[in-house]
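One structure is given here, and the rest of the page talks about it.
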Amino acid sequence: MKVASYIRPLVANLDGYVPGEQPKVKDLIKLNTNENPYPPSPGVISAIRKATDSRLRLYPNPTCEPLRNRLAKYHRCHPEQILVGNGSDEILALVLKAFVEPSAGSVVNKDVIQYFTPSYSLYPVLASIHGCRANPVALGKSFEIPALSQLKRRGWNFSAPLSLVTTPNAPSGTAYTTSTLEQLCRKQKGIILLDEAYGDFAQENAMELALKIPNVLVARTFSKAFSLCFQRIGYCVGDVQLIQALDKIRDSYNVNGLGQIAAEATLDDINYYHKTWKRIIDTREGFTSALRALKFEVAPSQTNFIFAKPPDKPAKQWLQILKDNKILVRWFPYPETKDYLRITIGTEAQMKSCLKVFKAFLNQ
Ligand SMILES: *Cc1c(COP(=O)(O)O)cnc(C)c1O
């Protein structure tokens, strides 16, 4: 028997998710995975330090109860409306398992996830892993959600069992108003998960929809706004029955103990984070203006990154130029994204370095 023949065809044929590159070079400026350039609050670091003792031999709280209690206060809901995951990526995988049938043997149309393009590039990968169909629907020219009256024509399925909406969107950075999202959610017959990984950087968020519309879930993460990528904490909020369904299928100890402690301590220090968000937003606005002055087309962003179409050379060539100058940004090879670079907003100094490289290599 060839070893390869032990592997399910679905798995053998899978193209896995490609994460942003983790650099091995020293002094590299890392603007490719939307990490926050500022550290967690001192209170968070010290809470983690204090917890690293003989407790490490124990299992963590299996339901993240203390954290869920804190989150429930933060969002003014019940702890039973919250599920915590090993990053919001785990939440996304769980919602497919809970709400979407794999295609083989499925009832017609119960095996579909749909999402807009461009949006989070993990969604199609999750569909392949789950063995269900994906229904990608193009956003408008300015990355807006098309009018409800046009959505059907563009192939949107109002009966899809699960729709995933990145809001504000990634990689475009575009924000959607809560009222636009509410209209979509109310018309949708299946579950809509609003993936608010960048919600804290935006002018509005749609958490209220998860608390008042039964088919809506909102997913959040501590990774981006709360500088905790390393700790893998995400969660989703929604109707108690949906949360119970997700709770049944997660691993019993899905969230690590230090991560739970870090997330709880984060909620004690929200003011610290508000300050870092403001700094990031100020840096983003300055960087955007500077790029526009260099004839970059930059989509208005309400996130901690920008999506920019560079002049002069193909985006892919700029990607390499930046890399040669020790700056990593992200480029996605799809037709609707290939002309753009996604650049995470780092510190003022990092963005200055990035601008300097652009200026040095522009032919004008
Ligand atoms: C980063 C990101 C996530 C995942 O965050 P984790 O909590 O670190 O797993 C989910 N959705 C979007 C759109 C993201 O950009």
Item to complete: Take the alpha-carbon positions of the range 86-241, form their convex hull, and give its projected area averaged over all directions (one quarter of the hull surface) in nm².
Response: 8.8
Practice prompt. Calculate the translational D of the range 1-152 in whole µm² s⁻¹ from Stokes-Einstein, where the hydrodynamic radius comes from the Kirkwood formula applied to all Cα pairs, the temperature is 37 °C and the viscosity 0.692 mPa s.
Written response: 163
Worksheet entry | Residues listed by number, the range 187-229, amide nitrogen under 18 Å from Ser142 label point at 7 Å toward C-beta | 203-204
Worksheet entry | Debye-sum result for the range 124-206 in log10 I(q)/I(0), which assumes one identical scatterer on each alpha carbon, at q = 0.13, 0.14, 0.21 Å⁻¹ | -0.41, -0.48, -1.10
Worksheet entry | Value at 222 nm in deg cm²/dmol, rounded to 500, when DSSP H runs of n ≥ 4 in the chain each add -39,500 (n - 2.57) | -11000 deg cm²/dmol
Worksheet, complete the sentence: With +1 at each Lys and Arg Cβ and -1 at each Asp and Glu Cβ, the charge dipole magnitude of the chain around its Cα centre, to the nearest 20 debye, comes out at 660
Worksheet item: Please state the relative contact order of the chain as a whole percent: Cα pairs under 8 Å, 6+ residues apart?
Response: 23
Discussion item. I'd like the Karplus ³J(HN,Hα) series for the range 138-144: coefficients 6.51, -1.76, 1.60, θ = phi - 60°, whole numbers in Hz, and an x wherever there's a Gly or Pro.
Written reply: 5, 5, x, 4, 9, 6, 8
Worksheet item: What full-extension length gain, to one decimal in nm, is calculated for Leu355 and Asp312 as 0.36 nm per residue of separation minus the Cα-Cα distance?
Response: 14.0 nm
Worksheet item: Sorted by packing (mean other beta-carbon atoms within 10 Å per residue), highest first, where do 41-48, 111-118, 7-14, 215-222 land?
Response: 215-222, 111-118, 41-48, 7-14
Discussion item. If I model a spin label as a point 7 Å beyond the Cα along the Cα-Cβ vector, how far apart are those points for Tyr334 and Lys295 in nm?
Written reply: 2.9
Practice prompt. Pull out the extension gain between Ile321 and Lys24, defined as 0.36 nm times the separation in residues minus the alpha carbon to alpha carbon distance; nm, one decimal.
Written response: 105.2 nm
Worksheet, complete the sentence: Subtracting the Cα-Cα distance of Gln244 and Ser54 from 0.36 nm times their residue separation yields 65.2 nm
Item to complete: Any of Lys316/Lys356; Lys141/Lys224; Lys152/Lys212; Lys110/Lys152; Lys316/Lys359 with alpha carbons more than 20 Å apart? Name them for me.
Response: Lys141/Lys224; Lys152/Lys212
Discussion item. Tell me the Rg and the Dmax, in Å, that the Cα atoms of the chain produce.
Written reply: 20.9, 62
Fill in: Separation of the Asn256 and Thr180 label points, Cα + 7 Å toward Cβ, nm
3.7
Discussion item. So if I average 1/r over every pair of distinct C-alpha atoms in the range 206-319 and take the inverse, what Kirkwood radius in Å does that give?
Written reply: 17.4
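Here, each number is a calculation from the coordinates, and none is a lab measurement. Just so you know, these numbers come straight off a predicted model, no measurement behind them. Please note: Cβ atoms are built from the backbone with ideal geometry, for glycine as well, and neighbour counts cover all protein chains shown.
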